[in-house]
Amino acid sequence: MSGLFDLSGKIALVTGGSRGLGYQIARAFAEHGADVVVSSRKVDACEAIAREIEGLGRRALAYACHMGHWSEIDGLVEAAYGTFGRIDILVNNAGMSPVVPSSAAATEELFDKVVSLNFKGPYRLSALVGTRMVSQGGGSIINVSSVGSIIPRAAFGPYAGAKAALNAITVAHSQEFGPKVRVNAILPGAFRTDIAKAWPKDKEANLQAAIPRYGEPHEIVTTALYLASDHSSYTTGAMIRVDGGRRD
């Protein structure tokens, strides 16, 4: 697909890029020609992926940043622009999805952590990068949301609410930064990443979906490549479900 989704000369920033879907996206961008800023909370994890990307012949920057901490995000942006001079593709992937026994049992600390990481951080990072993208003449912002944002359940109410807010700013930012910058969201279903190890063993067998299985991490890559590339030049403010046709 390297010819179809050519990202040569592009600079991508991927949050939560050291594992799971973020890792798959960061590596795919590098394989298709992009240089990549890999960010997550742990610098050693970022550095390992950066070395892997450099092994593909691309440039990479590892930068530790907690996306739930507003004050750290400016440093990430300055490091990325200081190293590469621009960002063409931003992927807001970092997130957390804890289960709560009930709404009353959810603590304020947990609620704030979920909202900060899944909504506040992407809002701030998109605001900073999107504004610069407009000045540089264009770019693509990809928010990794969740099918839970449109099919919420009580057990993950704070997460579903935060991801629904992420959907809302996807549309708002597409209007604010358009027409030069495109802003879209991917809504994944259940994927076989690190987090799946903690799910109930019968969860996959009981999925109510047109394709009743977990998605494999590589199956989200083509959607991210499409949104990152010029082939999606008329796609903005969109919510693209990659969930196997979930019904519940």
Checklist line | Qualifying residues in the stretch 78-107 (those that are of a type in the set (A, V, I, L, M) and surrounded by fewer than 21 Cβ atoms within 10 Å (Cβ to Cβ)) - the one farthest from A155 (Cα to Cα) | finding: A79
Next item on the list: For the stretch 86-107, enumerate the residues that are assigned to a loop (DSSP other than H, G, I, E, B) and within 24 Å of I186 (Cβ to Cβ).
Entry: R86, I87, D88, N93, A94, G95, M96, S97, P98, V99
Margin query: So, in the stretch 70-98, how many residues would count as being farther than 27 Å from T223 by Cα and either among the small types (G, A, S) or in contact with a Lys or Arg (Cβ under 9 Å, 6 or more places away or on another chain) (or both)?
Written below: 7
Note to self: Being in contact with an Asp or Glu (Cβ under 8 Å, 6 or more places away or on another chain) and either among the charged types (D, E, K, R) or more than 14 Å from G22 (Cβ to Cβ) (or both) narrows it down to one residue among V147, V114; which is it?
What the structure shows: V147
Checklist line | Flag if A164 is without any contact (Cβ under 8 Å) to a residue 12 or more places away in the chain and either charged (D, E, K, R) or surrounded by 13 or more Cβ atoms within 10 Å (Cβ to Cβ) (or both) | finding: no
Item checked: Residue count, the stretch 68-85 (criterion: closer than 12 Å to L125 by Cβ, in contact with a strand residue (DSSP E or B) (Cβ under 6 Å, 6 or more places away or on another chain) and either outside any helix (DSSP H, G or I) or not hydrophobic (A, V, I, L, M, F, W, C) (or both)) -> 0
Notebook entry, point to check: In the set A155, A162, A209, which member is in contact with a strand residue (DSSP E or B) (Cβ under 7 Å, 6 or more places away or on another chain), of a type in the set (A, V, I, L, M) and over 15 Å from V91 (Cβ atoms)?
Noted result: A209
Margin query: It is to be established whether one or more residues within the stretch 180-199 are at pLDDT 85 or above, surrounded by fewer than 18 Cβ atoms within 10 Å (Cβ to Cβ) and not in a strand (DSSP E or B).
Written below: yes
Next item on the list: Return yes or no: is S18 among the hydroxyl-bearing types (S, T, Y), crowded, with 16+ Cβ neighbours inside 10 Å and assigned to a loop (DSSP other than H, G, I, E, B)?
Entry: yes
Next item on the list: Hey, can you tell me all the residues within the stretch 44-67 that are in a helix (DSSP H, G or I) and without any contact (Cβ under 8 Å) to a residue 24 or more places away in the chain?
Entry: D44, E47, A50, R51, E54
Next item on the list: Count, please, the residues in the stretch 208-232 that happen to be closer than 26 Å to I142 by Cβ, touching a residue at least 40 places away in the same chain (Cβ under 8 Å) and either touching a Lys or Arg at 6+ places or on another chain (Cβ under 9 Å) or not in a helix (DSSP H, G or I) (or both).
Entry: 6
Margin query: Being of a type in the set (A, V, I, L, M) and crowded, with 20+ Cβ neighbours inside 10 Å is the filter here; which residues of the stretch 143-160 pass it?
Written below: V144, V147, A160
Check: Out of (1) assigned to a loop (DSSP other than H, G, I, E, B); (2) within 15 Å of the chain's Cα centre (by Cα), what's the single condition that is false for I142?
Finding: (1)
Checklist line | Residues that are at pLDDT 95 or above, touching a helix residue (DSSP H, G or I) at 6+ places or on another chain (Cβ under 6 Å) and surrounded by fewer than 24 Cβ atoms within 10 Å (Cβ to Cβ), drawn from the stretch 4-15 | finding: I11
Item checked: Residue selected from the stretch 24-43 under the condition out of contact with any Ser or Thr (no Cβ under 9 Å at 6 or more places or on another chain) and assigned to a helix (DSSP H, G or I), by the criterion surrounded by the fewest Cβ atoms within 10 Å (Cβ to Cβ) -> V43
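The values are calculated or read from the model by the stated rules, or taken from the named source; none is laboratory data. Just so it is clear, the structure is predicted and the values come from calculations on it, not from any experiment. Methodologically, a virtual Cβ is constructed for each residue, glycine included, from the backbone with ideal geometry; neighbour enumeration extends over all protein chains shown.
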